Amino acid sequence: MRDINTETLKLTKRAENNTINLVSSFVELGPVIPVLSIPESQVIYGRRGTGKTHILRYLDNSIHNRKECSIYLDMRVIGSTGGIYADERLPLKERATRLLSDTLIAIHERILEKITKAEEPYVTAEILPLLDEFVTSATEVIVDGTVATEKTENTSLSESRSLHMGVKSGSQLTLDSKLSLGIDTKNCESKRTSASGSEKLRVHFGSLNSAASKLIAKLPKQRLWIILDEWSEVPLDLQPFLADLLRRTLFPTPGVAIKIAAIAQRSNFRIPDGNSTYIGLEPGADVAGSLNLDEFLVFDNEAPRAMEFFGTMLHRHLKSISDDQDIFSSKYPEPRNLINDLFTQINAFEEFVRASEGVPRDAINILSLAAQRADKSKISVPDVRIAAKNWYSRYKSKAIASRQEAIELLNWIIDEVIQHRQAKAFLVPSDLNNDLIDFLYDARVLHILREGISAQDIPGKRFNVYSIDYGCYVDLINTIKAPKGLFQADDNEKYSEVPQNDYRSIRRAILDIQDFKRRTHSLF
């Protein structure tokens with residue numbers, strides 16, 4: 001096997017946890033980093049494998065290099081009470097308060113770690129007491145139960161009397177008498193208070209906000225960046241409550257910028273409370289405009305940008321894990337030099353980018369499988385197709401196997417779109433809420449190309465453009481059933497390759513989900 005093929009096999013083992021070469025392997029993705037560098041609270045969306053963690057780690061490192069305080073939290077490991085957040089036997093508010101408290105404690109620990117390991121020392125004599133005040137406000141314990149007061153009072157009275165009379169003889173007769181009377185009164189009162197009930201955490205918003213404000217005033221540049229990764233791992237019913245508590249505690253604090261990474265289909269930031277208000281965060285109001293990584297790299301959206309990104313990604317990732325980076329740079333000064341040595345022709349690289357469907361994690365795994373198959377040769381188009389098929393069948397198809405109705409829907413879509421229309425994309429109304437389509441999208445077997453497009457002959461209606469994963473139809477390529485284009489825009493056998501924002505006629509491209517329901521009698 002050629003050396004470069006061997007190197008690609010290391011990517012699957014080392015790229016995911018490549019914290020040492022994090023910066024050198026990072027590839028700019030449009031305006032993502034400049035937008036995230038704005039000191040405002042934001043949400044960044046993206047399915048698994050789209051690079052959310054890599055971007056946030058890079059952002060964290062960039063902020064650190066600016067001598068500002070930034071802390072990164074993985075929500076999967078917040079808290080030490082295993083399973084308590086998902087325990088539905090506990091009241092929802094109690095679970096949410098504990099989760100908030102654990103999150104605030106983690107923030108406290110990360111800041112403490114920052115100031116003790118900082119190359120340029122913080123003013124620890126001033127910060128440490130403020131950190132203590134901050135964590136005390138986040139961990140106040142109260143007793144929820146009955147309080148009993150017991151009061152006792154004792155009064156004692158003592159009285160004494162005495163009379164003394166005497167006669168003295170001598171030159172004169174003397175009569176001596178004494179009378180004494182004493183009264184002693186003692187009062188004794190005791191009071192005892194006892195409480196019975198359960199201990200509960202209480203986070204006082206006002207005191208916590210005050211403590212946070214005083215703390216941030218002592219941090220470098222009076223700013224604190226809080227990066228919350230894996231938000232979607234928080235139980236779905238707790239997410240709006242945690243978001244609401246963060247909005248009431250840290251969001252109003254000057255100098256705080258919170259960045260949240262989430263999966264759209266597994267996130268719930270806001271719920272109504274029945275009083276024309278809401279619990280949670282309101283996008284665009286409480287947080288700045290969100291970013292969606294899924295919009296950037298799908299080949300059918302913008303092929304040149306996708307090819308440039310994945311070429312640069314491979315070049316930087318392989319260089320970062322190379323045993324001798326100078327030799328690597330000398331042999332492959334530019335991504336195109338690497339691509340020429342790794343693939344048989346540009347068409348093979350183009351097929352690789354198309355098969356990746358805009359997901360860097362899928363790209364790395366497909367490349368590894370293709371390199372194994374190519375062995376000592378360059379990677380060809382057939383190598384890419386077989387690798388993509390194997391990656392889909394081994395991993396993606398198994399991810400949806402837990403929901404039979406999702407498998408039925410996917411098979412119906414493949415039959416309806418690819419078999420009958422010889423297309424690989426379709427449209428559904430933007431206002432359609434379908435958890436099975438969301439599930440398939442989250443599993444990366446469906447991909448969104450565009451959202452909110454309009455049609456001239458269907459006024460007032462908006463649609464989302466979905467494409468079917470490459471692995472679903474790779475077997476049909478070079479057969480009479482192979483897709484001829486992205487989708488059939490009209491009945492005149494014309495196929496559109498680029499999803500525009502406005503179509504003259506897209507009726508044939510619309511997928512009727514109600515037809516699937518009627519045929520299968522499935523319940524969503």
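The values are calculated or read from the model by the stated rules, or taken from the named source; none is laboratory data. Because the structure is predicted, anything quoted here is derived from the model rather than measured. Neighbour counts run over all protein chains shown; Cβ positions are idealised from the backbone, glycine included. Note: areas computed on protein heavy atoms with side chains; ligands, DNA, RNA excluded. Shrake-Rupley method; radii C 1.70, N 1.55, O 1.52, S 1.80 Å.
For ARG223, the test of being at pLDDT 85 or above, crowded, with 16+ Cβ neighbours inside 10 Å and either of a type in the set (D, E, K, R) or more than 13 Å from the chain's Cα centre (by Cα) (or both) is passed. In the range 95-117, the residues that are touching a residue at least 12 places away in the same chain (Cβ under 8 Å) and more than 11 Å from CYS69 (Cα to Cα) reach residues that are open to solvent by 30 Å² or more (accessible area, probe 1.4 Å) and among the acidic types (Asp, Glu) with C-beta atoms within less than 8 angstrom, at least six apart or across chains, in these pairs: ARG95/ASP87.
Note on the range 352-361: residues that are open to solvent by 20 Å² or more (accessible area, probe 1.4 Å) and touching a helix residue (DSSP H, G or I) at 6+ places or on another chain (Cβ under 8 Å) amount to 1.
Of the listed requirements (1) modelled with pLDDT of 85 or more; (2) open to solvent by less than 10 Å² (accessible area, probe 1.4 Å); (3) outside any helix (DSSP H, G or I); (4) not aromatic (Phe, Trp, Tyr), ILE453 misses just one: (1). Among the numbered conditions (1) in contact (Cβ under 8 Å) with a residue 24 or more places away in the chain; (2) in contact with a helix residue (DSSP H, G or I) (Cβ under 6 Å, 6 or more places away or on another chain), the only one that PHE328 does not meet is (1).
Yes/no matrix, rows are residues, columns are (1) among the hydrophobic types (A, V, I, L, M, F, W, C); (2) on the phi > 0 side of the Ramachandran plot; (3) in contact with a helix residue (DSSP H, G or I) (Cβ under 7 Å, 6 or more places away or on another chain):
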{"residue": "ARG385", "(1), (2), (3)": "no, no, yes"}
{"residue": "ARG394", "(1), (2), (3)": "no, no, no"}
{"residue": "ILE407", "(1), (2), (3)": "yes, no, no"}
{"residue": "VAL417", "(1), (2), (3)": "yes, no, no"}
{"residue": "LEU436", "(1), (2), (3)": "yes, no, yes"}
{"residue": "ILE448", "(1), (2), (3)": "yes, no, yes"}
{"residue": "ARG462", "(1), (2), (3)": "no, no, no"}
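The one condition from (1) of a type outside the set (A, V, I, L, M); (2) closer than 29 Å to CYS472 by Cβ; (3) without any contact (Cβ under 8 Å) to a residue 24 or more places away in the chain that ARG354 does not meet is (3).
For (1) within 28 Å of ASP383 (Cα to Cα); (2) among the aliphatic types (A, V, I, L, M); (3) open to solvent by less than 50 Å² (accessible area, probe 1.4 Å); (4) over 25 Å from the mean Cα position of the chain (by Cα), each residue gets a yes or a no:
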{"position": "ALA406", "(1), (2), (3), (4)": "no, yes, yes, no"}
{"position": "ILE413", "(1), (2), (3), (4)": "yes, yes, yes, yes"}
{"position": "VAL417", "(1), (2), (3), (4)": "yes, yes, yes, yes"}
{"position": "ALA425", "(1), (2), (3), (4)": "yes, yes, yes, yes"}
{"position": "VAL445", "(1), (2), (3), (4)": "yes, yes, yes, no"}
{"position": "LYS461", "(1), (2), (3), (4)": "no, no, no, yes"}
{"position": "ALA482", "(1), (2), (3), (4)": "yes, yes, yes, yes"}
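Considering the range 370-404, the residues that are among the aliphatic types (A, V, I, L, M) and under 25 Å from the mean Cα position of the chain (by Cα) include one that is least open to solvent (accessible area, probe 1.4 Å), namely ILE400.
Among the residues making up the range 90-132, those that are in a helix (DSSP H, G or I), in contact with a Lys or Arg (Cβ under 7 Å, 6 or more places away or on another chain) and surrounded by fewer than 17 Cβ atoms within 10 Å (Cβ to Cβ) are GLU94, GLU126.
Against the numbered list (1) at pLDDT below 80; (2) open to solvent by less than 50 Å² (accessible area, probe 1.4 Å); (3) not in a helix (DSSP H, G or I), ASP294 comes up short only at (3). When ARG248 is tested against the conditions (1) surrounded by 17 or more Cβ atoms within 10 Å (Cβ to Cβ); (2) in a helix (DSSP H, G or I); (3) not hydroxyl-bearing (Ser, Thr, Tyr), the lone failure is (1).
Given the structure, is LEU367 under 13 Å from TYR473 (Cα atoms), at pLDDT 90 or above and crowded, with 21+ Cβ neighbours inside 10 Å? It is false that LEU367 is under 13 Å from TYR473 (Cα atoms), at pLDDT 90 or above and crowded, with 21+ Cβ neighbours inside 10 Å. Scanning the range 271-291 for residues that are in a loop (DSSP other than H, G, I, E, B) and either closer than 30 Å to LYS93 by Cβ or out of contact with any helix residue (DSSP H, G or I) (no Cβ under 9 Å at 6 or more places or on another chain) (or both) yields ASP273, GLY274, ASN275, SER276, THR277, LEU281, GLU282, GLY284, ALA285, ASP286, ALA288, SER290. For the range 383-400, which residues satisfy the criterion of being at pLDDT below 90 and over 17 Å from ASP438 (Cβ atoms)? ARG394, TYR395, SER397, LYS398, listed by residue number.
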